[in-house]
1. Express in whole angstrom the spacing between the alpha-carbon centres of the range 89-140 and the range 2-50.
2. Counting pairs of alpha carbon atoms under 8 Å apart in space and at least six apart in sequence, what relative contact order in percent does the chain give?
3. Please report the Cα spread of the chain along all three principal axes, rounded to whole Å, starting with the longest.
4. Inverting the mean 1/r over all pairs of different Cα atoms, compute the Kirkwood radius of the range 1-70 and quote it in Å.
């Protein structure tokens with residue numbers, strides 16, 4: 001799915017410094033989210049983690065899930081995870097809103113209960129969105145040069 005979406009060089013460069021297995025896992029998880037939510041935008045950040053945030057617009061506030069890539073691991077994060085139904089207790093974290101699923105292999109996310117969480121987060125973001133976005137299916141770099 002993400003073959004037609006090019007990650008910008010300012011994201012690709014620090015990504016290329018990660019372990020090959022971590023890069024492969026990131027790309028597979030990214031593809032999975034895009035298969036489920038093909039019209040979502042990707043906002044790319046490089047702060048304490050290299051992060052691909054999936055959003056309905058070009059704003060973080062319209063985000064529904066994210067993939068933060070750390071030195072040796074990555075997560076599937078949910079911006080309003082504490083508000084999501086999680087009957088399988090997949091979500092971890094103690095913050096007011098954000099929850100995540102630790103991702104160590106494809107088996108951690110390629111399952112119906114994770115797809116359900118992603119879809120629920122997407123629908124929640126749609127219902128919460130104040131106005132439609134002019135962006136659809138875009139890759140937007142928020143990385144300061």
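1. Cα centroid to Cα centroid, the span is 15 Å.
2. 29
3. Result, largest extent first: 36, 35, 28 Å.
4. With all distinct Cα pairs of the range 1-70 included, I get 12.3 Å.
Each value in this text was obtained by applying a stated rule to the coordinates, not by laboratory testing. Not measured: the values here are computed from a predicted model.
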